[in-house]
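Participant: Before anything else, here's the structure in question.
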Amino acid sequence: MLSYALRRILYAIPLVLGVATILFFVLNLAPGDPLALYMGPGVSPEAMERIRQNLGLDQSLPVRYGRWLLAFLQGDFGYSLTRNQPVRDLILGALPPTLLLTGGAVALAFLMGIALGVVQAVRQYSALDSLLSALALFFYSMPSFWLAIMLILIFSVNARNLWGWPVHFPPSGMTSAGHDLMGFWGQLKDRAAHLVLPTLSLTLVLAGGIARYVRTSMLEVIRQDYVRTARAKGLPEHRVILTHALRNALIPVITLFGIYFPFLLSGAVFIEHVFSWPGMGKLLVDAILQRDYPVVLAGSFLFAVMVVVGNLLADLLYGWVDPRIRYGRHPGGPRPTARSGTA
Amino acid sequence: MAGYGGDGVGKRWSPGRLVPGLRPLRRGRWLEGGGGLLLWGLLLALAVARHDRLLALPSRGLDHWLAALTLVGVLVGLWVWSFREGRREEGERRGRFWRRFRRNRLAVAGVGLIVLFYLAALLAPLLTPFDPTYQPAFQAGEMELRLAEPSGAHLMGTDQFSRDILSRILYGARISLSIGFLAVGISVTLGTILGAVAGYLGGIVDDLVMRLVDMFMAFPRVVLVIAVVAVFQPSIFLIIGVLALTQWPFTARIVRGEILSLREREFTEAARALGFSRSRIIFRHLLPNVMAPVIVVATLGIGHTIVLEAGLSFLGFGVQPPTPSWGSMVADGRDYLLDAWWIATFPGLAIVTVVLAFNLVGDGLRDALDPRQRGQGGAP
Amino acid sequence: MSLLEIRSLRSWVNTPDGVARAVDGVDLTVESGETVGVVGESGSGKTLLALSIVGLLPEPGGHILPGSSLRFRGEELLGDGEKGMRQIRGKGMRQIRGKGVAMVFQEPMTSLNPVLTAGAQIREALSLHRGMKGKVAQEQATRLLKEVGLPDPEIHLEAYPHQLSGGMRQRVMLAMALAGDPELLVADEPTTALDPTIQAQILALLEGVCRRRGMSLLLISHDLGAVAGVCRRVVVLYGGRVMEEGPTREVLTRPLHPYTRGLLRSRPSMESRDALLEPIPGDVPEATAWPRGCRFHPRCAHAWDQCRKGEPELRDVEAPREEGPPAEPGEGEVGARERRARRARCWLVAEEGGHGRE
């Protein structure tokens, strides 16, 4: 198990480096002079040349790559071209909101998806199963940004029309104006209210996919012999489903986590854009629009790192949860010995 | 669409091939046959009735023409494919497969939906009198049409430039569908070839390709696509290219896995013993067996691609105005949520419907191929 | 009072190809402490019979027909379920599964939960049926593993199923079954998936365990040899119905039903090493379409008109011989007679009044 984990981790490192390299070259091969966009027409060519030298942009590509890589590995991500801040600070500031959003969405989506998937599998062929299947498919087929806008339409813009209930959720930002003036509970409520719509937009789409997958996995597990054995033992049905069936069915779902993680981050990009959520996604999109390459580079790199880490976590978790991988064929387990004569 | 061919039996140019609906009718399948014939008749009638519009197609820019051509290409491709002669056993297996697929009513409904959207996209100019592109509202007498609610004249209302939403949706379907087909088509081809080569040859080639695959899959797709499209000028070719380049790893992985397991089976050894060249083995013997899960993933992938393209347009990185794209329509509607909810709602519904249809078909294909197989999960 | 009394049991399964009448009128009795073998080819309905006893019919589609009766220790287990079908009621279910009747299945490879240790699964049964927890459960589990012949039980308790061999897994299954101290053990092809050498060991184990505990055994197998070594009585199943039954030794030495004779002839034995094996001609018919008349007649060498026209009854062939096996302790008159009963479902046998045509 340890070797398995170590191998996966060691493999991830060159992967991440490779990603960074590709990004670097993609961005630096872009047409057009990045500097030209920032310097107004009044700047003299000599001044521009000096700035270019300062930023090291006059050197050849391989040299730039080498210097950049060195700095990058030390955590120095350079300086933002548009905002006068070290890129690192910008990113560190934008990371928590994104983590808050995506973390919450993932957790919620898995909870919902697993619950729905189990219900569907247990009540296969029933009306409930069909209904939930349809819902899951419906949400799974939706672009998250559209769902976000529809949610805004329903809960922000037309909130008062909702069956007389004034259900209103704020459509943008993490906090309202005057947030600092609220008491502790007020601030908490405010933050929570702002979280609702963005999280929901991400969660529902993700949950749809998870529910489908869990349903399929559960259906297959329920047909297995060992579930029949558990029933024959006399265990109450809920224990059969939860302890025996679900535990096995969830194992492949973990890999799903690894597969979906990049999509989650992508979705975050759109959602943050729609809700003006001050996270990595918004940072990245704005930077792309403004041609702020250092930020784009560092931000994309971080996204890629998150994906790799997510996959790694999923792989490690999978190896830990499935005893067939954890203990392999022979290590740790008893072997039939010659003297016992039994097998 | 084209004749129900593939069995190599019967004359190649019989009317049964050219007119959809004749052959199933002859075999007694009234619903399919009747439906096909009806469709053919309607299309003919439509073309005749609106022939003036058909002949007076204004130039609408490269994007548009590429989209329209792609759709026609799909049609032609299907028709050509229907001439393929399958081997006997494959024909039987295929027959069983189609029967199982047909039993899945949801999947069949999905196919119907896709055909509907496809036809709507292809025949857009025949179906609507309105011009979907930019039309300034300050032309005399048209002020009142800005932001009009859905009504008899404009079934889905108009947007802030007095453009008919429904028309824009129909033309937008061209963009979405063609980008979906092309991007997935390219990525599947690329992925299949690379995956097959990697799986069959093994060794260094395999390692190299899999490293590439891992690297590409490590990226959040959206980020890479946005970055590339924003940095280089957004054009429909670039969009399709980047979408294809970020999708091929998924196909490659699956193909490689299948090839690996097939490689050890007897018929591969037999082919090798007979002295077939490696490429011949790969392409004529192994690949046909691999195509099944690939088709499933490709179908589901079209759905994902359409959503992704819509997202790109939403952010402004997709096809540029005035070419209508569902994503950019949603973005436009965002500013008018309070006054004109229809601008954002209907395009989104179109996206959901089309993607839903592709997902249904993908699920149906997967179930028909092996009802006991768990399937490929949620990977695009 | 018999331990288990099955009367006119009909368990059918809905399949896409029609209704499979896999168990179509079976009468079976198991006395306390008795070992009974059920023999039949695949498709004879023997597995479904076993599943019916514990109410584990395949869902959806499996159902027990009205008119069936299943009595355990004298109490009727079947109650009315939906659509008039019978099913084991809640209370009956709890009495039966694991506690009164325990089952051991055919495939030890897949019948154990792969993510739980052997010990955890045994302890689960102990907790459920005997209320044992913690250290007490651990000790009892160790004792059970010793009873089923696993050395080093402490090690094996913490093993995962994939780390154990087939024979070991089957022993674990047995230990799990014994955890609830059942009165009847139903073993469905317990050795089919194992190596031949291990088969003998497991069968001996089963026989020994049942004898020591005074437990009844219902051994289901297609292997006559397996049944012969372990069971006192044997029941031959074909076409969803009982074709012949009686004390094992008698059925095997003096088979009455042509099917039984066919089964015996088709087995290789030491004496007939040079002779050709004689398989029974034809195939087992589909449970969705049993032949009319006697269900075996299409494959029977002795079939005649009567066989095609109607299905024979399961008749007592002869009076139970007085000099049969001695009475078991605690057995009543009925039980003793039942034990020695000899029955066959064949027009030949009925016609000749007890002595089959040769």
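Participant: Given the conditions (1) modelled with pLDDT of 90 or more; (2) surrounded by 24 or more Cβ atoms within 10 Å (Cβ to Cβ), and given that residue C:146 satisfies all but one, which numbered condition is not satisfied?
Facilitator: Result: residue C:146 fails condition (2) only.
Participant: Which residue out of B:380, B:371 is within 17 Å of the chain's Cα centre (by Cα) and at pLDDT below 70? Walk me through how you get there before you give the answer.
Facilitator: Numbers: B:371 fails: within 17 Å of the chain's Cα centre (by Cα).
Of B:380, B:371, the one residue that is within 17 Å of the chain's Cα centre (by Cα) and at pLDDT below 70 is B:380.
Participant: Going by the conditions given, is residue B:265 over 21 Å from the mean Cα position of the chain (by Cα), surrounded by fewer than 15 Cβ atoms within 10 Å (Cβ to Cβ) and modelled with pLDDT under 75?
Facilitator: Working: over 21 Å from the mean Cα position of the chain (by Cα): yes; surrounded by fewer than 15 Cβ atoms within 10 Å (Cβ to Cβ): yes; modelled with pLDDT under 75: yes.
Yes; evaluated as a whole, the condition is true for this residue.
Participant: Tell me which residues, restricted to region C:142-193, are among the β-branched types (Val, Ile, Thr) and in a helix (DSSP H, G or I).
Facilitator: Looking only at region C:142-193, we keep the residues that are among the β-branched types (Val, Ile, Thr), and these are C:142, C:148, C:155, C:172, C:186, C:191-192.
Within region C:142-193, C:142, C:155, C:172 qualify.
Participant: Residues in region A:271-306 that are buried (at least 24 other Cβ atoms within 10 Å of the Cβ), at the interface with chain B (Cβ under 7 Å from one of its Cβ atoms) and under 23 Å from residue A:200 (Cα atoms): how many?
Facilitator: Of the residues in that region, 3 qualify.
Participant: Taking helices (runs of 4 or more DSSP H) that fall entirely within region B:160-238, which contain at least 2 residues that are surrounded by 23 or more Cβ atoms within 10 Å (Cβ to Cβ) and of a type in the set (Gly, Ala, Ser)? Talk me through it step by step, then tell me what you get.
Facilitator: Values: elements: B:165-201, B:203-218, B:221-231.
Because the criterion is at least 2 residues that are surrounded by 23 or more Cβ atoms within 10 Å (Cβ to Cβ) and of a type in the set (Gly, Ala, Ser), the helices (runs of 4 or more DSSP H) in region B:160-238 that meet it are B:165-201.
Participant: Just to be sure I understand the filter: pairs with C-beta atoms under 6 Å, separated by 6 or more residues or on different chains, first member in region C:60-82 and touching a residue at least 24 places away in the same chain (Cβ under 8 Å), second member of a type in the set (Val, Ile, Thr). Which pairs pass?
Facilitator: C:61/C:13; C:62/C:13; C:70/C:6
Participant: Is it true that some residue in region B:151-172 is away from chain A (no Cβ under 14 Å), aromatic (Phe, Trp, Tyr) and in contact with a His (Cβ under 8 Å, 6 or more places away or on another chain)?
Facilitator: Within region B:151-172, the first condition is being away from chain A (no Cβ under 14 Å), and the residues that meet it are B:151-168, B:170-171.
From the residues that got through so far, the ones that are aromatic (Phe, Trp, Tyr) too are B:161, B:171.
Within this subset, residues satisfying the condition of being in contact with a His (Cβ under 8 Å, 6 or more places away or on another chain) are B:171.
Taking every residue of region B:151-172 in turn, at least one turns out to be away from chain A (no Cβ under 14 Å), aromatic (Phe, Trp, Tyr) and in contact with a His (Cβ under 8 Å, 6 or more places away or on another chain).
Participant: Just to verify a result, which residue in region A:80-125, among those that are crowded, with 22+ Cβ neighbours inside 10 Å and touching a strand residue (DSSP E or B) at 6+ places or on another chain (Cβ under 9 Å), is nearest to residue A:310 (Cα to Cα)?
Facilitator: That would be A:87.
Participant: Right, another one. Quick one: residue B:125 ticks every box in (1) closer than 21 Å to residue B:173 by Cβ; (2) modelled with pLDDT of 75 or more except a single one, so which number is it?
Facilitator: The one condition residue B:125 does not meet is (2).
Participant: Can you tell me which of C:158, C:154 is of a type outside the set (Gly, Ala, Ser), over 30 Å from residue A:252 (Cα atoms), more than 24 Å from the chain's Cα centre (by Cα) and within 12 Å of chain A (Cβ to nearest Cβ)? Spell out how you get there, then give the answer.
Facilitator: Numbers: C:158 fails: over 30 Å from residue A:252 (Cα atoms).
Criteria check complete, one pass: C:154.
Participant: Here is a further query. Looking at (1) modelled with pLDDT of 80 or more; (2) among the β-branched types (Val, Ile, Thr); (3) more than 20 Å from residue C:189 (Cα to Cα), which one does residue C:88 not meet, given that it meets all the others?
Facilitator: (1)
Participant: Can you go through A:162, A:265, A:235, A:188 and tell me which one is at the interface with another protein chain (Cβ under 8 Å from one of its Cβ atoms) and modelled with pLDDT under 85? Show your work before the answer.
Facilitator: Values: A:162 fails: at the interface with another protein chain (Cβ under 8 Å from one of its Cβ atoms); A:235 fails: modelled with pLDDT under 85; A:188 fails: at the interface with another protein chain (Cβ under 8 Å from one of its Cβ atoms).
Going through A:162, A:265, A:235, A:188 in turn, the sole match is A:265.
Participant: Take the residues in region A:121-158 that are over 20 Å from the mean Cα position of the chain (by Cα) and of a type in the set (Ser, Thr, Tyr), then tell me which one is nearest to residue A:223 (Cα to Cα). Quick ask: steps written out before the conclusion?
Facilitator: Step one: of region A:121-158, the residues over 20 Å from the mean Cα position of the chain (by Cα) are A:121-135, A:137-138, A:149-158.
Subset that is of a type in the set (Ser, Thr, Tyr): A:125-126, A:130, A:133, A:156.
Working: A:125: 15, A:126: 17, A:130: 20, A:133: 20, A:156: 46 Å.
Here the answer is A:125.
Participant: Among the residues that make up region A:102-117, is at least one of them over 20 Å from the mean Cα position of the chain (by Cα) and more than 13 Å from chain B (Cβ to nearest Cβ)? Walk me through how you get there before you give the answer.
Facilitator: Let us first name the residues in region A:102-117 that are over 20 Å from the mean Cα position of the chain (by Cα), namely A:115-117.
Keeping just the survivors that are more than 13 Å from chain B (Cβ to nearest Cβ) gives A:115-116.
Yes; the residues of region A:102-117 include at least one that is over 20 Å from the mean Cα position of the chain (by Cα) and more than 13 Å from chain B (Cβ to nearest Cβ).
Participant: Then there's this: If I ask for residues that are over 30 Å from residue A:307 (Cβ atoms), crowded, with 20+ Cβ neighbours inside 10 Å and of a type in the set (D, E, K, R), which ones from region A:201-260 would you list?
Facilitator: A:228, A:231, A:233 - these are the residues of region A:201-260 that are over 30 Å from residue A:307 (Cβ atoms), crowded, with 20+ Cβ neighbours inside 10 Å and of a type in the set (D, E, K, R).
Participant: May I ask you to list the residues in region B:313-354 that are closer than 24 Å to residue B:227 by Cβ, part of a helix (DSSP H, G or I) and within 10 Å of chain A (Cβ to nearest Cβ)?
Facilitator: B:314, B:315, B:326, B:327, B:330, B:331, B:334, B:351
Participant: Kindly evaluate residue C:134 against the criterion of being at pLDDT below 90, more than 9 Å from chain A (Cβ to nearest Cβ) and over 23 Å from the mean Cα position of the chain (by Cα). Spell out the reasoning first.
Facilitator: Details: at pLDDT below 90: yes; more than 9 Å from chain A (Cβ to nearest Cβ): yes; over 23 Å from the mean Cα position of the chain (by Cα): yes.
Considered against the rule, which asks whether it is at pLDDT below 90, more than 9 Å from chain A (Cβ to nearest Cβ) and over 23 Å from the mean Cα position of the chain (by Cα), residue C:134 comes out as yes.
Participant: Sticking with this one: With modelled with pLDDT under 85 and more than 18 Å from residue A:216 (Cβ to Cβ) as the only criterion, which of B:341, B:326 stands out?
Facilitator: Working: B:326 fails: modelled with pLDDT under 85.
Exactly one residue qualifies, and that residue is B:341.
Participant: May I pose another question? When region C:255-269 is examined, which residues are found to be part of a loop (DSSP other than H, G, I, E, B) and at pLDDT 85 or above?
Facilitator: Within region C:255-269, the subset part of a loop (DSSP other than H, G, I, E, B) is C:255-257, C:266-269.
Within region C:255-269, C:255, C:256, C:257 qualify.
Participant: Kindly establish whether residue C:170 is within 11 Å of chain A (Cβ to nearest Cβ), under 15 Å from residue C:107 (Cβ atoms) and crowded, with 20+ Cβ neighbours inside 10 Å. Step through it out loud before you land on a result.
Facilitator: Details: within 11 Å of chain A (Cβ to nearest Cβ): yes; under 15 Å from residue C:107 (Cβ atoms): yes; crowded, with 20+ Cβ neighbours inside 10 Å: yes.
Judged against the criteria, residue C:170 is a match.
Participant: Quick check on residue C:164: is it crowded, with 23+ Cβ neighbours inside 10 Å and modelled with pLDDT under 90?
Facilitator: Numbers: crowded, with 23+ Cβ neighbours inside 10 Å: yes; modelled with pLDDT under 90: yes.
Yes, satisfied.
The values are calculated or read from the model by the stated rules, or taken from the named source; none is laboratory data. What you are looking at is a predicted structure, and each value in this text was computed from that prediction instead of being measured. Cβ: placed from backbone, ideal geometry, glycine included. Neighbour counts: every protein chain shown.
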